[in-house]
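I have placed the structure first, in the form of structure tokens, so that the comments after it can refer back to it.
The values are calculated or read from the model by the stated rules, or taken from the named source; none is laboratory data. Small disclaimer: the values here were computed from a predicted structure and weren't measured. Neighbour counts are summed over all protein chains in view; Cβ atoms, including those assigned to glycine, are modelled from backbone coordinates with ideal geometry. With ligands, DNA and RNA removed, areas are computed over all heavy atoms of the protein, side chains included. Shrake-Rupley method; radii C 1.70, N 1.55, O 1.52, S 1.80 Å.
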Amino acid sequence: MKYKFIERDKLKEKPQGELGFGKYYTDYMFEMTYTEDEGWHDKKIRPYGPIEVDPSVMVLHYAQETFEGLKAYKNDGKVYLFRPEMNAKRFQSSNERMCMPKIDTEEFINIIEELVNLERDWIPDSEGASLYIRPFMFASEKNIGVKVANKYTFLVSLSPVGQYYKEGINPVKIYVEDKYIRAAQGGTGFVKCGGNYAASLIAQQRAEEMGYTQVLWLDGKERKYVEEVGSMNAMFLIDDTIYTAPIDGTVLPGVTRDSVIKLLDEFDVKLKEEHFTIDFLIDMIEEGRLKEAFGTGTAAVISPIGELGYKGNSYIINEFKTGDLTKKLYDRLTGIQYGRLEDKYGWRREVKNDHC
Ligand code: COI
């Protein structure tokens, strides 16, 4: 193995039954440290477990933190990653925005492959289950002055997961948030940083209290244009065209979003990647032209949206059923991810057993 390996005394029991999301973690994780003088160093695969940080590490005060999310899929004993280079590039762009150090694409993928290969017995192969990979970086300099840190820690943990939502692959109810905002031009909407999610919790909590699963965010300036859902990009099938917000600073550039857009051609569905208002969307529901709605994300995969709540009204989409296109896209995407279908796009990357 390329990295220092610190072995556990005793391996854990593998979970049985419902995996949920983020409940279980594997035996090992990756860790490395960055300093200006030494660059990335002290690279190791070590037992998964608590890390010791000083109470004054900067991330705890000023939230200089970024993360990624991707999955390893197992089928017939083979293990695959899905477009990990896109996660590597997005991580680089997040880190640049947050004044954090770069990890090269090759190294990012190599770390993940080494760790996933070591933990391949943890990858579930039941329907819809996978190994969620969480790379993350945080400012670990001890200092409570507000400035760019000079020390960082990078970790990768692995979690065997099932469905993200309690609804499974059934439609979810989404509340259109018109008070709080997630992102504004010039901010960090396109960045995968913990701070974005922290600021979104109040709206999610409010939505949950009203019986919704997540919120649909509107733009930060006019609260008029549709952007994205808490943990996924949002897509709407109106007549024969998918409408989705463009990636122009406030929306997260999702890997699943990009893949679904590329798959639309296979189903002769057109794409409008442009700004559209919530009023337009409601009109389309009322005119019966909004046929299907769904969210796309690594954790959420492709999740049908069955209801939108907005300003005290509830709007049901496609009789609260999973639409045909949603189902076809889900089958096609997961078929490629799990190695069941031909991958003419070259998206799948096998993690070979002899990787080390
Ligand atoms: C993902 O889909 O991987 C995410 O990071 C969304 C969420 C779990 C925060």
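Listed values, structure above:
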| quantity | calculated |
| --- | --- |
| Residue match in segment 239-261 (condition: over 30 Å from Tyr345 (Cβ atoms), over 17 Å from the mean Cα position of the chain (by Cα) and assigned by TED's automatic domain parsing to the domain that holds Gly312) | no |
| In segment 26-38, the residues that are surrounded by fewer than 18 Cβ atoms within 10 Å (Cβ to Cβ) and either touching a residue at least 12 places away in the same chain (Cβ under 8 Å) or within 20 Å of Asn117 (Cα to Cα) (or both) | Thr33, Thr35, Glu36 |
| Count of segment 314-329 residues which are part of a loop (DSSP other than H, G, I, E, B) and either aliphatic (A, V, I, L, M) or surrounded by fewer than 15 Cβ atoms within 10 Å (Cβ to Cβ) (or both) | 1 |
| Segment 39-95 - residue that is part of a helix (DSSP H, G or I) and either open to solvent by 40 Å² or more (accessible area, probe 1.4 Å) or of a type in the set (Asp, Glu) (or both) and, of those, nearest to the ligand (Cβ to nearest atom) | Met86 |
| Yes/no for Glu287 being touching a Phe, Trp or Tyr at 6+ places or on another chain (Cβ under 9 Å), surrounded by fewer than 19 Cβ atoms within 10 Å (Cβ to Cβ), at pLDDT 95 or above and not basic (Lys, Arg) | no |
| Strands (runs of 3 or more DSSP E) (entirely within segment 201-256) containing at least 2 residues that are within 14 Å of the ligand (Cβ to nearest atom) and surrounded by fewer than 22 Cβ atoms within 10 Å (Cβ to Cβ) | none |
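So that you can scan it fast, the table gives a plain yes or no per residue for (1) surrounded by 15 or more Cβ atoms within 10 Å (Cβ to Cβ); (2) not small (Gly, Ala, Ser):
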{"residue": "Pro101", "(1), (2)": "yes, yes"}
{"residue": "Thr105", "(1), (2)": "yes, yes"}
{"residue": "Ile109", "(1), (2)": "yes, yes"}
{"residue": "Asp121", "(1), (2)": "no, yes"}
{"residue": "Gly128", "(1), (2)": "yes, no"}
{"residue": "Leu131", "(1), (2)": "yes, yes"}
{"residue": "Pro135", "(1), (2)": "yes, yes"}
{"residue": "Ala139", "(1), (2)": "yes, no"}
{"residue": "Ala149", "(1), (2)": "yes, no"}
